[in-house]
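Take a look at the structure set out below.
The values are calculated or read from the model by the stated rules, or taken from the named source; none is laboratory data. No experiment lies behind these values; they were computed from the predicted model shown. Methodologically, a virtual Cβ is constructed for each residue, glycine included, from the backbone with ideal geometry; neighbour enumeration extends over all protein chains shown. Remember, those area values only see protein heavy atoms, side chains included, never the ligands or the DNA or RNA. Shrake-Rupley method; radii C 1.70, N 1.55, O 1.52, S 1.80 Å.
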Amino acid sequence: MRRDVFTEDHEAFRALVREVVAKEVVPHYGEWEKAGRVPRDFFTTLGSLGLLGMAIPERYGGGGRPDYRYNVVLQEEAAAALVTLGTVRTQLDVILPYFLAYANGEQRERWFPGLASGRLLTAIAMTEPGTGSDLAGIRTTAVRDGDAYVLNGAKTFITGGLLADLVIAVARTATDPGDRRAGLTLLVVEGGMPGFTRGRTLDKMGVKAQDTVELAFDGVRVPLANRLGEEGAAFGYLGHNLSQERMTVAVGSVAQARAALDTTVAYVKEREVFGSPVAAFQNTKFELAAVAAEIEAAQALLDRAVLELVDGRLSGADAAKVKLFCTEMQARAVDRCLQLFGGYGYMLEYPIARLYADARITRIYAGTSEVMKVIIAKSLGL
(Lines give C-alpha, C1' and ligand atoms only; values in the text may rest on other atoms or scores of the structure.)
Protein backbone atom coordinates (compact mmCIF):
# COMPACT_ATOMS: atom_id res chain seq x y z
CA MET A 1 0.00 0.00 0.00
CA ARG A 2 1.12 3.57 -0.69
CA ARG A 3 2.37 5.48 2.34
CA ASP A 4 1.92 9.24 2.68
CA VAL A 5 4.20 9.76 5.67
CA PHE A 6 7.51 10.78 4.11
CA THR A 7 8.76 13.67 1.97
CA GLU A 8 11.60 13.74 -0.56
CA ASP A 9 13.95 14.85 2.22
CA HIS A 10 13.05 11.78 4.27
CA GLU A 11 13.64 9.50 1.30
CA ALA A 12 17.05 11.08 0.63
CA PHE A 13 17.85 10.48 4.29
CA ARG A 14 16.66 6.89 3.85
CA ALA A 15 19.11 6.31 1.01
CA LEU A 16 21.99 7.50 3.19
CA VAL A 17 20.89 5.34 6.12
CA ARG A 18 20.54 2.28 3.89
CA GLU A 19 24.10 2.75 2.66
CA VAL A 20 25.47 3.22 6.18
CA VAL A 21 23.64 0.15 7.52
CA ALA A 22 24.95 -2.02 4.68
CA LYS A 23 28.52 -0.82 5.12
CA GLU A 24 28.88 -0.17 8.86
CA VAL A 25 26.40 -2.52 10.54
CA VAL A 26 25.61 -5.68 8.56
CA PRO A 27 29.23 -6.94 8.24
CA HIS A 28 29.86 -6.48 11.98
CA TYR A 29 26.50 -7.30 13.52
CA GLY A 30 27.43 -10.81 14.63
CA GLU A 31 30.43 -9.39 16.52
CA TRP A 32 28.22 -6.79 18.19
CA GLU A 33 25.82 -9.47 19.39
CA LYS A 34 28.66 -11.54 20.84
CA ALA A 35 30.13 -8.46 22.54
CA GLY A 36 26.72 -7.46 23.87
CA ARG A 37 27.07 -3.87 22.75
CA VAL A 38 27.70 -1.52 19.86
CA PRO A 39 31.24 -0.08 19.72
CA ARG A 40 31.66 3.61 20.56
CA ASP A 41 33.21 4.42 17.20
CA PHE A 42 29.94 3.49 15.49
CA PHE A 43 28.27 6.41 17.26
CA THR A 44 30.96 8.84 16.15
CA THR A 45 30.59 7.51 12.60
CA LEU A 46 26.86 8.22 12.71
CA GLY A 47 27.54 11.61 14.27
CA SER A 48 30.00 12.59 11.54
CA LEU A 49 27.30 11.84 8.95
CA GLY A 50 24.72 13.93 10.78
CA LEU A 51 22.52 10.97 11.65
CA LEU A 52 22.48 11.52 15.42
CA GLY A 53 21.77 15.24 15.55
CA MET A 54 18.87 15.79 13.21
CA ALA A 55 16.71 17.18 16.05
CA ILE A 56 19.51 19.20 17.68
CA PRO A 57 19.73 22.92 16.78
CA GLU A 58 22.29 23.82 14.14
CA ARG A 59 24.27 26.09 16.48
CA TYR A 60 25.34 22.97 18.39
CA GLY A 61 26.29 20.96 15.32
CA GLY A 62 22.89 19.40 14.71
CA GLY A 63 20.56 19.38 11.75
CA GLY A 64 17.89 21.62 13.23
CA ARG A 65 15.09 19.33 12.10
CA PRO A 66 13.10 17.99 15.08
CA ASP A 67 11.04 15.67 12.91
CA TYR A 68 10.35 12.21 14.37
CA ARG A 69 10.03 10.75 10.87
CA TYR A 70 13.82 10.73 10.50
CA ASN A 71 13.94 8.42 13.53
CA VAL A 72 11.34 6.19 11.89
CA VAL A 73 13.51 5.87 8.79
CA LEU A 74 16.49 4.76 10.89
CA GLN A 75 14.49 1.96 12.48
CA GLU A 76 12.88 0.83 9.24
CA GLU A 77 16.15 0.59 7.34
CA ALA A 78 17.90 -1.32 10.11
CA ALA A 79 15.02 -3.80 10.31
CA ALA A 80 14.97 -4.25 6.54
CA ALA A 81 18.63 -5.28 6.72
CA LEU A 82 17.78 -7.78 9.51
CA VAL A 83 19.80 -5.89 12.13
CA THR A 84 19.23 -3.32 14.86
CA LEU A 85 21.22 -0.22 15.75
CA GLY A 86 21.75 -1.16 19.38
CA THR A 87 21.18 1.76 21.72
CA VAL A 88 20.94 4.36 18.94
CA ARG A 89 17.15 4.10 19.04
CA THR A 90 17.09 4.62 22.80
CA GLN A 91 19.38 7.64 22.62
CA LEU A 92 17.46 9.40 19.85
CA ASP A 93 13.87 8.45 20.61
CA VAL A 94 13.77 8.07 24.37
CA ILE A 95 16.59 10.12 25.95
CA LEU A 96 17.40 13.02 23.61
CA PRO A 97 13.84 14.47 23.93
CA TYR A 98 14.48 15.11 27.64
CA PHE A 99 17.62 17.11 26.87
CA LEU A 100 15.88 19.01 24.07
CA ALA A 101 12.89 19.89 26.23
CA TYR A 102 14.43 20.59 29.62
CA ALA A 103 18.14 21.46 29.27
CA ASN A 104 18.89 25.11 30.07
CA GLY A 105 21.21 27.30 28.00
CA GLU A 106 24.38 26.38 29.87
CA GLN A 107 23.59 22.65 29.68
CA ARG A 108 22.91 22.89 25.96
CA GLU A 109 26.31 24.50 25.40
CA ARG A 110 27.94 21.81 27.54
CA TRP A 111 26.23 18.69 26.19
CA PHE A 112 24.58 19.23 22.82
CA PRO A 113 27.73 19.28 20.65
CA GLY A 114 28.78 15.92 22.10
CA LEU A 115 25.30 14.45 21.66
CA ALA A 116 25.22 15.52 18.01
CA SER A 117 28.71 14.21 17.25
CA GLY A 118 28.27 10.87 19.01
CA ARG A 119 31.04 11.63 21.53
CA LEU A 120 28.58 11.66 24.42
CA LEU A 121 26.48 8.54 24.94
CA THR A 122 23.42 8.52 27.16
CA ALA A 123 21.07 6.39 29.24
CA ILE A 124 18.03 7.03 31.39
CA ALA A 125 17.74 5.30 34.75
CA MET A 126 14.12 4.88 35.79
CA THR A 127 13.48 1.21 36.57
CA GLU A 128 14.51 -0.13 39.99
CA PRO A 129 14.71 -3.71 41.28
CA GLY A 130 11.26 -3.29 42.84
CA THR A 131 9.81 -0.58 40.61
CA GLY A 132 8.92 -1.05 36.94
CA SER A 133 5.83 0.49 35.40
CA ASP A 134 4.91 2.17 38.71
CA LEU A 135 7.25 5.16 38.47
CA ALA A 136 5.62 6.76 41.49
CA GLY A 137 7.18 4.01 43.57
CA ILE A 138 10.77 5.09 42.87
CA ARG A 139 12.96 4.82 45.98
CA THR A 140 16.25 6.26 44.77
CA THR A 141 16.77 9.45 46.78
CA ALA A 142 18.54 12.75 46.20
CA VAL A 143 19.07 15.08 49.16
CA ARG A 144 20.06 18.68 48.59
CA ASP A 145 23.43 19.58 50.17
CA GLY A 146 24.66 23.05 49.26
CA ASP A 147 25.25 23.30 45.52
CA ALA A 148 24.75 19.57 44.93
CA TYR A 149 22.38 16.65 45.44
CA VAL A 150 23.58 13.53 47.24
CA LEU A 151 22.20 10.60 45.25
CA ASN A 152 21.64 7.11 46.67
CA GLY A 153 19.90 4.12 45.11
CA ALA A 154 20.00 1.33 42.56
CA LYS A 155 18.61 0.98 39.06
CA THR A 156 18.20 -2.06 36.81
CA PHE A 157 17.40 -2.88 33.16
CA ILE A 158 19.22 0.29 32.07
CA THR A 159 19.68 0.25 28.31
CA GLY A 160 22.98 1.76 27.21
CA GLY A 161 24.15 2.11 30.80
CA LEU A 162 27.46 0.35 30.17
CA LEU A 163 28.90 3.02 27.87
CA ALA A 164 26.83 6.04 28.87
CA ASP A 165 28.69 9.26 29.63
CA LEU A 166 25.49 10.96 30.79
CA VAL A 167 22.84 9.07 32.76
CA ILE A 168 19.55 10.78 33.52
CA ALA A 169 18.68 9.40 36.96
CA VAL A 170 15.13 9.69 38.25
CA ALA A 171 15.31 10.30 41.98
CA ARG A 172 12.98 11.26 44.81
CA THR A 173 13.83 14.67 46.26
CA ALA A 174 10.67 14.98 48.36
CA THR A 175 7.84 12.80 49.67
CA ASP A 176 4.17 13.80 49.70
CA PRO A 177 1.92 11.15 51.32
CA GLY A 178 -1.05 12.60 49.49
CA ASP A 179 0.56 12.52 46.04
CA ARG A 180 2.97 9.69 45.24
CA ARG A 181 3.80 11.29 41.90
CA ALA A 182 5.17 14.48 43.41
CA GLY A 183 8.77 14.98 44.43
CA LEU A 184 10.61 13.24 41.57
CA THR A 185 13.56 15.01 39.94
CA LEU A 186 15.85 14.36 36.95
CA LEU A 187 19.58 14.49 37.68
CA VAL A 188 22.28 13.99 35.05
CA VAL A 189 25.01 11.76 36.45
CA GLU A 190 28.30 11.86 34.58
CA GLY A 191 30.62 8.92 34.14
CA GLY A 192 33.46 8.99 36.65
CA MET A 193 31.55 10.73 39.44
CA PRO A 194 32.64 9.17 42.77
CA GLY A 195 30.07 6.68 44.05
CA PHE A 196 28.59 5.96 40.62
CA THR A 197 29.22 2.34 39.62
CA ARG A 198 28.06 0.12 36.81
CA GLY A 199 27.05 -3.38 37.83
CA ARG A 200 26.76 -6.54 35.84
CA THR A 201 25.67 -6.58 32.22
CA LEU A 202 22.41 -8.51 32.13
CA ASP A 203 22.21 -11.59 29.92
CA LYS A 204 19.02 -11.15 27.91
CA MET A 205 17.02 -13.55 25.78
CA GLY A 206 17.06 -11.16 22.82
CA VAL A 207 18.28 -7.73 21.62
CA LYS A 208 21.80 -8.98 22.19
CA ALA A 209 23.58 -6.01 20.58
CA GLN A 210 22.00 -3.64 23.09
CA ASP A 211 23.78 -3.46 26.44
CA THR A 212 21.53 -3.55 29.51
CA VAL A 213 23.06 -3.12 32.95
CA GLU A 214 22.51 -2.46 36.63
CA LEU A 215 23.62 0.90 38.06
CA ALA A 216 24.33 1.94 41.63
CA PHE A 217 24.57 5.38 43.23
CA ASP A 218 26.28 5.50 46.61
CA GLY A 219 26.53 9.06 47.90
CA VAL A 220 27.08 10.48 44.43
CA ARG A 221 27.35 14.28 44.56
CA VAL A 222 25.51 15.57 41.51
CA PRO A 223 25.99 19.32 40.98
CA LEU A 224 22.88 21.48 41.00
CA ALA A 225 23.98 22.51 37.49
CA ASN A 226 23.22 18.93 36.38
CA ARG A 227 19.57 19.03 37.35
CA LEU A 228 17.40 18.69 34.26
CA GLY A 229 14.33 20.87 34.54
CA GLU A 230 12.69 21.86 37.80
CA GLU A 231 12.97 20.05 41.10
CA GLY A 232 10.00 17.78 41.79
CA ALA A 233 8.59 17.98 38.25
CA ALA A 234 10.00 14.76 36.80
CA PHE A 235 6.80 12.71 36.81
CA GLY A 236 5.21 15.17 34.40
CA TYR A 237 8.35 15.20 32.26
CA LEU A 238 8.38 11.40 32.05
CA GLY A 239 4.73 11.29 31.05
CA HIS A 240 5.28 13.94 28.37
CA ASN A 241 7.67 11.75 26.39
CA LEU A 242 5.98 8.39 26.95
CA SER A 243 3.87 8.69 23.80
CA GLN A 244 6.98 8.96 21.61
CA GLU A 245 8.72 6.19 23.53
CA ARG A 246 5.77 3.87 22.94
CA MET A 247 5.55 4.89 19.31
CA THR A 248 9.21 4.01 18.93
CA VAL A 249 8.52 0.47 20.11
CA ALA A 250 5.58 0.22 17.69
CA VAL A 251 7.71 1.44 14.77
CA GLY A 252 10.27 -1.26 15.47
CA SER A 253 7.57 -3.90 15.86
CA VAL A 254 6.02 -3.23 12.47
CA ALA A 255 9.37 -2.90 10.71
CA GLN A 256 10.66 -6.15 12.20
CA ALA A 257 7.43 -7.99 11.43
CA ARG A 258 7.79 -6.88 7.83
CA ALA A 259 11.40 -8.07 7.82
CA ALA A 260 10.25 -11.44 9.16
CA LEU A 261 7.71 -11.71 6.36
CA ASP A 262 10.25 -10.79 3.68
CA THR A 263 12.88 -13.26 4.87
CA THR A 264 10.25 -15.98 5.20
CA VAL A 265 8.90 -15.44 1.69
CA ALA A 266 12.43 -15.74 0.33
CA TYR A 267 13.07 -18.91 2.35
CA VAL A 268 9.90 -20.79 1.42
CA LYS A 269 10.56 -20.20 -2.27
CA GLU A 270 13.91 -21.97 -1.99
CA ARG A 271 13.26 -24.67 0.62
CA GLU A 272 11.83 -27.91 -0.73
CA VAL A 273 9.71 -30.48 1.10
CA PHE A 274 8.37 -33.64 -0.54
CA GLY A 275 9.89 -32.52 -3.83
CA SER A 276 8.14 -29.14 -3.92
CA PRO A 277 9.00 -25.66 -2.65
CA VAL A 278 7.41 -24.91 0.73
CA ALA A 279 5.86 -21.89 -1.00
CA ALA A 280 3.79 -24.20 -3.20
CA PHE A 281 1.67 -25.49 -0.31
CA GLN A 282 -1.66 -23.84 0.34
CA ASN A 283 -0.97 -23.60 4.06
CA THR A 284 2.17 -21.56 3.39
CA LYS A 285 0.30 -19.21 1.09
CA PHE A 286 -2.55 -18.73 3.55
CA GLU A 287 -0.28 -18.19 6.53
CA LEU A 288 1.84 -15.58 4.79
CA ALA A 289 -1.18 -13.89 3.26
CA ALA A 290 -2.68 -13.49 6.73
CA VAL A 291 0.60 -12.13 8.10
CA ALA A 292 0.86 -9.64 5.23
CA ALA A 293 -2.68 -8.39 5.88
CA GLU A 294 -1.98 -7.90 9.59
CA ILE A 295 1.22 -5.99 8.87
CA GLU A 296 -0.58 -3.63 6.49
CA ALA A 297 -3.28 -2.97 9.07
CA ALA A 298 -0.67 -2.18 11.70
CA GLN A 299 1.28 -0.01 9.27
CA ALA A 300 -1.79 2.07 8.46
CA LEU A 301 -2.53 2.61 12.16
CA LEU A 302 1.11 3.41 12.87
CA ASP A 303 1.54 5.85 9.99
CA ARG A 304 -1.50 7.85 11.04
CA ALA A 305 -0.13 8.00 14.59
CA VAL A 306 3.32 9.10 13.36
CA LEU A 307 1.74 12.08 11.63
CA GLU A 308 -0.27 12.86 14.76
CA LEU A 309 2.93 12.74 16.81
CA VAL A 310 4.78 15.03 14.41
CA ASP A 311 1.88 17.50 14.60
CA GLY A 312 1.89 17.33 18.41
CA ARG A 313 -1.62 15.89 18.57
CA LEU A 314 -1.06 12.26 19.57
CA SER A 315 -2.75 11.47 22.88
CA GLY A 316 -1.34 9.08 25.46
CA ALA A 317 -4.31 6.76 25.02
CA ASP A 318 -3.86 6.63 21.24
CA ALA A 319 -0.14 5.93 21.63
CA ALA A 320 -1.08 3.07 23.96
CA LYS A 321 -3.48 1.67 21.35
CA VAL A 322 -0.79 1.77 18.69
CA LYS A 323 1.82 0.09 20.89
CA LEU A 324 -0.61 -2.59 22.03
CA PHE A 325 -1.82 -3.44 18.54
CA CYS A 326 1.56 -3.33 16.80
CA THR A 327 3.49 -5.34 19.38
CA GLU A 328 0.82 -8.01 19.69
CA MET A 329 0.71 -8.21 15.89
CA GLN A 330 4.49 -8.59 15.78
CA ALA A 331 4.34 -11.53 18.15
CA ARG A 332 1.75 -13.35 16.02
CA ALA A 333 3.48 -12.55 12.73
CA VAL A 334 6.99 -13.60 13.73
CA ASP A 335 5.72 -16.79 15.35
CA ARG A 336 3.82 -17.82 12.21
CA CYS A 337 6.82 -17.00 10.04
CA LEU A 338 9.22 -19.01 12.18
CA GLN A 339 6.94 -22.05 11.94
CA LEU A 340 7.44 -22.12 8.18
CA PHE A 341 11.20 -22.54 8.67
CA GLY A 342 10.66 -25.78 10.54
CA GLY A 343 13.64 -26.83 12.65
CA TYR A 344 15.90 -24.27 10.98
CA GLY A 345 13.76 -21.52 12.47
CA TYR A 346 15.06 -22.53 15.89
CA MET A 347 18.68 -22.10 14.83
CA LEU A 348 20.25 -18.75 15.63
CA GLU A 349 22.15 -18.73 12.36
CA TYR A 350 18.82 -17.88 10.71
CA PRO A 351 17.66 -14.27 11.23
CA ILE A 352 14.10 -15.41 11.95
CA ALA A 353 15.28 -16.90 15.27
CA ARG A 354 16.74 -13.56 16.35
CA LEU A 355 13.62 -11.72 15.20
CA TYR A 356 11.57 -14.11 17.33
CA ALA A 357 13.72 -13.59 20.44
CA ASP A 358 13.90 -9.83 19.94
CA ALA A 359 10.12 -9.56 19.54
CA ARG A 360 9.33 -10.80 23.03
CA ILE A 361 10.47 -7.67 24.84
CA THR A 362 8.27 -5.26 22.87
CA ARG A 363 5.17 -6.29 24.82
CA ILE A 364 7.00 -5.52 28.06
CA TYR A 365 9.18 -2.42 27.88
CA ALA A 366 7.88 1.15 27.63
CA GLY A 367 4.83 -0.19 29.47
CA THR A 368 3.51 -3.75 29.28
CA SER A 369 0.53 -4.73 27.16
CA GLU A 370 -1.46 -4.92 30.37
CA VAL A 371 -0.54 -1.33 31.28
CA MET A 372 -1.53 -0.24 27.76
CA LYS A 373 -4.94 -1.81 28.29
CA VAL A 374 -5.35 0.05 31.58
CA ILE A 375 -4.57 3.36 29.85
CA ILE A 376 -6.98 2.61 27.02
CA ALA A 377 -9.69 1.54 29.46
CA LYS A 378 -9.34 4.83 31.36
CA SER A 379 -9.82 6.74 28.11
CA LEU A 380 -13.13 4.87 27.71
CA GLY A 381 -14.25 6.08 31.12
CA LEU A 382 -13.80 2.67 32.71
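The table for this structure:
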| item | result |
| --- | --- |
| Residues of the stretch 232-273 classified as free of Cβ contacts under 8 Å to residues at least 60 places away in the same chain and of a type in the set (D, E), total | 2 |
| Filtered residue count, the stretch 130-157, keeping only those that are without any contact (Cβ under 8 Å) to a residue 24 or more places away in the chain and part of a strand (DSSP E or B) | 1 |
| Count of residues meeting criterion [open to solvent by 20 Å² or more (accessible area, probe 1.4 Å) and over 30 Å from K34 (Cβ atoms)] in the stretch 61-103 | 11 |
| Any chance K321 is open to solvent by 60 Å² or more (accessible area, probe 1.4 Å), part of a helix (DSSP H, G or I) and more than 26 Å from I95 (Cβ to Cβ) | no |
| In the stretch 290-313, the residues that are crowded, with 17+ Cβ neighbours inside 10 Å, more than 15 Å from R3 (Cα to Cα) and in contact with a Leu (Cβ under 9 Å, 6 or more places away or on another chain) | V291 |
| Subset tally (residues that are closer than 28 Å to L355 by Cα and hydroxyl-bearing (S, T, Y)) for the stretch 171-211 | 1 |
| Those residues of the stretch 1-27 which are in contact with a helix residue (DSSP H, G or I) (Cβ under 8 Å, 6 or more places away or on another chain), at pLDDT 95 or above and open to solvent by 70 Å² or more (accessible area, probe 1.4 Å), in sequence order | R18 |
| Within the stretch 1-55, helices (runs of 4 or more DSSP H) holding 1 or more residues that are within 17 Å of G160 (Cβ to Cβ) and touching a residue at least 12 places away in the same chain (Cβ under 8 Å) | 29-35, 40-48 |
| Residues located in the stretch 101-139, provided they are more than 23 Å from the chain's Cα centre (by Cα) and polar (S, T, N, Q) | N104, Q107 |
| Residue within the stretch 204-217 that is under 29 Å from M372 (Cβ atoms) and basic (K, R) present | yes |
| Candidates A225, A293, filtered to the one that is over 30 Å from A353 (Cα atoms) and not aromatic (F, W, Y) | A225 |
| Criterion (assigned to a loop (DSSP other than H, G, I, E, B) and touching a Ser or Thr at 6+ places or on another chain (Cβ under 9 Å)) met by exactly one of L314, L302, L309 | L314 |
| Residue in the stretch 157-168 that is over 23 Å from L96 (Cα atoms) and small (G, A, S) present | no |
| Single residue of T197, T173, T141, T156 found to be of a type in the set (S, T, Y) and under 23 Å from M372 (Cα atoms) | T156 |
| Members of the stretch 48-87 found to be of a type in the set (G, A, S) and within 18 Å of the chain's Cα centre (by Cα), listed by number | G53, A55, A78, A79, A80, A81, G86 |
| Scope the stretch 194-205; condition in contact with a helix residue (DSSP H, G or I) (Cβ under 9 Å, 6 or more places away or on another chain) and more than 28 Å from K34 (Cα to Cα); matching residues | none |
| Residue match in the stretch 334-354 (condition: hydroxyl-bearing (S, T, Y) and crowded, with 20+ Cβ neighbours inside 10 Å) | no |
| Residues being assigned to a helix (DSSP H, G or I), touching a helix residue (DSSP H, G or I) at 6+ places or on another chain (Cβ under 8 Å) and either free of Cβ contacts under 8 Å to residues at least 40 places away in the same chain or surrounded by 17 or more Cβ atoms within 10 Å (Cβ to Cβ) (or both) - total across the stretch 108-129 | 7 |
| Unique match (being charged (D, E, K, R), closer than 30 Å to W32 by Cα and either part of a helix (DSSP H, G or I) or over 22 Å from the mean Cα position of the chain (by Cα) (or both)) among E328, E287 | E328 |
